[in-house]
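Novice: Handing you this structure, nothing more for now.
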Amino acid sequence: MKIHRAGYKIIITTILILLLLTAGMHFIFNSFYATLITGSVALGIVVFVLRFFRVPGRLVNTEKDVLVAPADGTVVAIEEVFEDEFLQKKALQISIFMSVWNVHINWFPANGIMKEFRYHPGKFLVARHPKSSVLNERTSILMETSEKVPVVIRQIAGIVARRIENYVKDTNSKVAAGQEMGFIKFGSRVDVFVPLNSDLKINIGQKVRGKVTRIAQIPDIAHVS
């Protein structure tokens, strides 16, 4: 299993702490069963942390005019909103919630150019909360697809996730569908804002897989509304 670089420090720290804890329990109780129980719990925690930072081996869906899911998770909202950070007009918002059991890598949903990046400090409400999109700590990216269609992607920290990493911050950088955009640690959400007349391919409650699941087919720039 390949492990993401975002987890190296946490994994090493976790292993060291658990080794010390297991050794301490052994010397305190001098009991095989106490050591076995502590060691088993420690092993379970290590496996969980390793699983959280796993890197899935997947082929990218490269269909033309299609946006793929930027994250693993569950679609928790699809609604018409006014996107006032970049687009300054109404758009369809697709919200994907990532639980602690999901892969937490975030990927670009299409080929294109990263036009602008912004970071916003904020609260740490539960990521499913409707207001988390505008109140929580977050990053926002404006990208322009190969078809010149503007799309906004927003990484949102949750009640547990207190660290958002973003790997592409330079304006006018070329990006590709399935390219790593960033990482959010331990439970979070990603919002995607697309044109109103996009043909959505997902439903609320649906499980999606990053880089693979089609979330929308977008119109070319001449037909964007």
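Novice: Count the net charge of all other residues whose Cβ sits under 13 Å from the Cβ of residue 58, scoring Lys and Arg as +1 and Asp and Glu as -1.
Specialist: Summing Lys and Arg as +1 and Asp and Glu as -1 gives +2.
Novice: State the percent of C-alpha pairs, over all pairs in segment 7-92, separated by a distance greater than 20 angstrom.
Specialist: Tail of P(r) above 20 Å: 63 percent of Cα pairs.
Novice: Using a 1.4 Å probe, what is the accessible area per residue for the chain, in Å²?
Specialist: Computed with neighbouring chains in place, this is 50 Å² per residue.
Novice: Enumerate the amide H contacts of residue 215 below 5 Å, restricted to partners 5 or more residues apart or on another chain; note that Pro and chain-start residues carry no placed amide H.
Specialist: Residues meeting the amide H criterion: 67, 68, 69.
Novice: Give the long-range amide H neighbours of residue 167: residues separated by 5 or more places, or on another chain, with amide H under 5 Å away, using H modelled in the peptide plane at 1.01 Å from N.
Specialist: 182
Novice: Quick one: pull the percent of accessible area on segment 1-120 belonging to carbon and sulfur, 1.4 Å probe, ligands and nucleic acids left out.
Specialist: Here carbon and sulfur together make up 67 percent of the probe-accessible area.
Novice: Turning to a different aspect of this structure: Which angle from 0 to 90°, rounded to the nearest 10, does the C-alpha axis of helix 8-29 make with the longest principal axis of the chain?
Specialist: 20
Novice: Through the Karplus equation 6.51 cos²θ - 1.76 cosθ + 1.60, θ set to phi - 60°, convert the phi angles of segment 197-204 into ³J(HN,Hα) values in whole Hz; use x for Gly and Pro.
Specialist: After applying 6.51 cos²θ - 1.76 cosθ + 1.60, I find 8, 5, 8, 6, 10, 10, 10, 4 Hz.
Novice: Another question about this same structure. With r as the distance between the Cβ atoms of residue 147 and residue 5 and R0 = 41 Å, compute the FRET efficiency 1/(1 + (r/R0)^6) and round to 0.05.
Specialist: FRET efficiency, residue 5 to residue 147: 0.80.
Novice: Here is a further query. Could the peptides 73-84, 21-32 be put in order, highest first, of the mean number of other beta-carbon atoms found within 10 Å of their residues?
Specialist: Averaged packing, sorted descending, gives the order 73-84, 21-32.
Novice: At 7 Å along the Cα-to-beta-carbon direction for both residue 176 and residue 27, put a label point, then send me their distance in nm to one decimal.
Specialist: Those two pseudo-labels are separated by 5.2 nm.
Novice: Can I ask one more? Here are several values of semi-axes √(5λ) of the Cα gyration tensor in Å: [x] 30, 20, 18; [y] 55, 18, 15; [z] 38, 17, 15. Which one was derived from the coordinates shown?
Specialist: Evaluating semi-axes √(5λ) of the Cα gyration tensor in Å on these atoms matches [z].
Novice: Let me ask you something else. Please list, in chain and number order, the residues 5+ apart from residue 136 or on another chain whose amide H is under 5 Å from its amide H, with Hs placed from the backbone.
Specialist: 123
Novice: If you project the alpha carbons of segment 42-107 onto their three principal axes, what span does each projection cover, largest first, in Å?
Specialist: Taking the Cα atoms of segment 42-107, the three principal extents are 50, 26, 18 Å.
Novice: Ignoring the sites themselves, what is the longest stretch of the chain with no trypsin sites (Lys or Arg not before Pro) in a DSSP loop and at most 11 other beta-carbon atoms within 10 Å?
Specialist: 132-225
Novice: Just reorder 8, 33 by solvent-accessible area, largest first, 1.4 Å probe, all chains present.
Specialist: Ranked from most to least accessible, the order is 33, 8.
Novice: For residue 211, list the aspartates and glutamates whose Cα falls under 19 Å from its own Cα; do not include residues on the same chain fewer than 8 positions away.
Specialist: Within the straight-line limit of under 19 Å, residue 211 reaches these aspartates and glutamates: 63, 65, 72, 144, 147, 165, 180, 191, 199.
Novice: OK, next. Using Cα-Cα distances under 8 Å and only pairs 6 or more residues apart, what relative contact order does segment 1-140 have, in percent?
Specialist: Relative contact order comes out at 18 percent.
Novice: By how many degrees, 0 to 90 and rounded to 10, does the Cα axis of helix 32-52 deviate from the longest principal axis of the chain?
Specialist: Compared with the principal axis, the helix lies near 10 degrees.
The values are calculated or read from the model by the stated rules, or taken from the named source; none is laboratory data. Note that this is a predicted model, so its numbers are computed, not measured. Using ideal geometry, Cβ is built from the backbone for each residue, glycine included, and neighbour counts are taken over all protein chains shown. Note: areas computed on protein heavy atoms with side chains; ligands, DNA, RNA excluded. Shrake-Rupley method; radii C 1.70, N 1.55, O 1.52, S 1.80 Å.
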